[in-house]
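Read-outs throughout are calculated quantities, based only on the coordinates presented, and are distinct from any laboratory measurement. Keep in mind that this is a model prediction, so the values were computed, not measured. Using ideal geometry, Cβ is built from the backbone for each residue, glycine included, and neighbour counts are taken over all protein chains shown.
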Amino acid sequence: MGRVVLEGCAVVTMDAQRHEYASGHVVVDGHRIVAVGPGSAPLQDDDSAQVEHARRVDARGCLATPGLVNTHHHLYQWLTRGMAVDDTLFDWLTALYPVWAGIDAESVAVAAQAALARLARTGCTTTTDHHYVFPHDSGDIFAAEVEAAATVGLRFHPSRGSMDLGRSSGGLPPDTIVEDIDAALTATAAAIEKYHDPSPEARVRVAVAPCSPFSVTGELLTRSAELARAYGVRLHTHLAETADELDFCREQFGCTPTEYAERTGWLGDDVWLAHAVHLDDAAIRSIAGSGTSVAHCPSSNARLGAGICRTRDLRDAGVPVGLGVDGAASNEATSLLEEVRHALLFARAVGGPRALAVRDALEMATVEGARVLGRQDDLGSLASGKLADIALWRLDTLDHADIADPVAALVLGPPPPLELLLVHGRPVVERDAVVTVDEGHLVPKVTAARAALLERAGVRR
């Protein structure tokens, strides 16, 4: 890693003052940003040889933004795209759980590489993953995902999930893919000890993530929260995604999903909740008052007919709201940039044209996403000292060249070509192509892994 100089581009910093430059520069040295500002990059006098050998990028016609942060995903679902396309969440899960019961470390490795490469091409530099399906004798699935992220080159926040409430006990998942509580917690602790890096420059951080109120017992929720806090890691789960879940919690627990989360220790400034669609005013007050964050997944929520998150109300209450693509089985596009546009449009569809501004939407994908993951000190904005996770978008093509405001062009226009994507100062995408893996070689691997998975499940293709 050397010095990289981006010059001549529009720059949206998302720093504390929200500085923007119509023509500016970003300078990277190693894995950190060392300069951001208007005009040409300043001359460096600390090491003339290093300056001479810097990579200089003529970024005229481009927009530099912080790399996008994906706060909710299920990488393994890449192998089951295009299935159960007209089902509600509970019917969709009922259809797909038996298929997912056949995954193993080998198939997940292929799925994860494909899904991560796709994320990279949509501007994502940091992604989470919520993995909770661990069939018996399936190998080390968690390790396969961590290795895939290292291969593609994205910064990775995997969440070790779990399920212990099988169908025979009133839950949705088949009994064959639920875990014993002690076994799940032991495996979660092992994942934290092996992979979690608490340092400011971390490439991998692990979270604790039992799946949902309808697939997890109260004991597993409570003990998982205790485990996470003992290790000082973050907590993640699905909550209040659908009306069915609302009914389930009222019938089973006599309360709303948010009240149940509070009862089991799942509200706090170390918690982020996926979806949070079905919230009443009291729930928003509880989430805001506890410092809990939300991962908003507009495309997946629309695909499953779950509803629209109350983004404006959550933001007004002070809740950090990031964006998530969710799994590819409920969002076949898996484009993080597309989530920015959909978050804006859906908020305006229910709340009017001022419900969300274009810069609010981009903020959720960058600095707010970093805040959701507890990485706001080092990620989510372009500023001297921050980690060099940068997206450079080409806006001088026919699709965008006549839109004067580059943020409006990026958010409202069609997805632009990604000229360059740096993660930790290293190129992952150049000229709209992933350079760390060969996507062409991935295609037959994905096709074969999907065919084998469906064959094991007895599903006709």
By the 4.7 Å beta carbon criterion, which cysteine residues of the chain come out unpaired? C124, C211, C249, C255, C297, C309
Could you tell me the center-to-center distance, by alpha carbons, between region 394-454 and region 276-306 in angstrom? 28 Å
Restricted to the chain, the DSSP antiparallel beta bridge percent, nearest 5, is 50 percent
What do you get for the angle between helix 439-457 and the principal long axis of the chain? Use alpha-carbon atoms, 0 to 90 degrees, nearest ten. 0 degrees
For region 276-414: rounded, prolate or oblate by the Cα gyration tensor [a/c cutoff 1.5]: oblate
Among V350, A451, I308, whose Cα lies farthest out toward the positive end of the dipole of the chain, if unit charges sit on the beta carbon of Lys, Arg (+1) and Asp, Glu (-1)? V350
Beta carbons within 10 angstrom, averaged per residue: use that to sort the peptides 241-252, 119-130, 32-43, highest first. 119-130, 241-252, 32-43
Other residues with Cβ under 12 Å from the Cβ of S138 give, with Lys and Arg +1 and Asp and Glu -1, a net charge of -4
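Starting from region 317-360, pick out the trypsin sites (Lys or Arg not before Pro) whose DSSP state is loop and whose Cβ has at most 12 other Cβ atoms within 10 Å. Mind showing how you got there, number by number?
Values: sites: R341, R348, R354, R359; in loops: R354.
Sites meeting the loop and neighbour criteria: R354.
Sorted from fewest to most neighbouring beta carbons within 10 Å, what does the list I308, I403 look like?
Numbers: I308 17, I403 14.
Final ranking by Cβ density, sparse to dense: I403, I308.
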Provide Rg over Rh for region 135-189; use the alpha carbon set for both Rg and the Kirkwood Rh (inverse mean inverse pair distance). 1.06
Say the dipole of the chain comes from +1 at the beta carbon of Lys and Arg and -1 at that of Asp and Glu; which of G289, V372, G166 then lies farthest toward its positive end? V372
³J(HN,Hα) across region 180-185 via Karplus (A = 6.51, B = -1.76, C = 1.60, θ = phi - 60°), whole Hz, x for Gly/Pro? 5, 4, 4, 5, 5, 5
If packing is taken as the average count of other Cβ atoms within 10 Å, what order do 11-23, 69-81, 217-229, 381-393 fall into, highest mean first? 69-81, 381-393, 217-229, 11-23
Quickly estimate the mean residue ellipticity at 222 nm for the chain, helices only: each DSSP H run with n ≥ 4 gives -39500 (n - 2.57), and the total goes over all residues, rounded to 500. -11000 deg cm²/dmol
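Given charges of +1 on the Cβ of Lys and Arg and -1 on the Cβ of Asp and Glu, with all other atoms neutral, how large is the dipole of region 218-299 about its Cα centre, in debye to the nearest 20?
Details: 6 positive and 13 negative charges, 65 e Å.
Using Cβ point charges on Lys, Arg, Asp and Glu, region 218-299 gives about 320 debye.
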Near the amide H of V57, under 5 Å away, which other amide H atoms are found, from residues 5 or more places off or on another chain, if H is placed in the peptide plane? V5, L6, E7
Rounded to whole angstrom, the alpha-carbon centroid of region 159-211 lies from that of region 62-124 at a distance of 18 Å
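I need the shape label for region 1-147. Rule: rounded when a/c is under 1.5, else prolate if a/b > b/c, else oblate, with a, b, c from the alpha carbon gyration tensor. Write down the numbers at each step before the final one.
Values: a/c = 3.75, a/b = 2.31, b/c = 1.62.
It comes out prolate by the Cα gyration axes.
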With 10 angstrom as the radius, rank F142, F253, F134 by how many other C-beta atoms surround their C-beta, starting from the fewest. F253, F134, F142
Working only with C-alpha atoms, what are the Rg and Dmax values of region 383-450, expressed in angstrom? 15.5, 46
Simple SL model, points at 7 angstrom along Cα→Cβ for D313 and D244; separation in nm is 2.3 nm
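Is region 68-372 best put as rounded, prolate or oblate by its Cα gyration tensor, with a ≥ b ≥ c the root eigenvalues, rounded for a/c under 1.5, and otherwise prolate when a/b is larger than b/c, oblate when not?
Details: a/c = 1.29, a/b = 1.13, b/c = 1.14.
Here region 68-372 falls in the rounded category.
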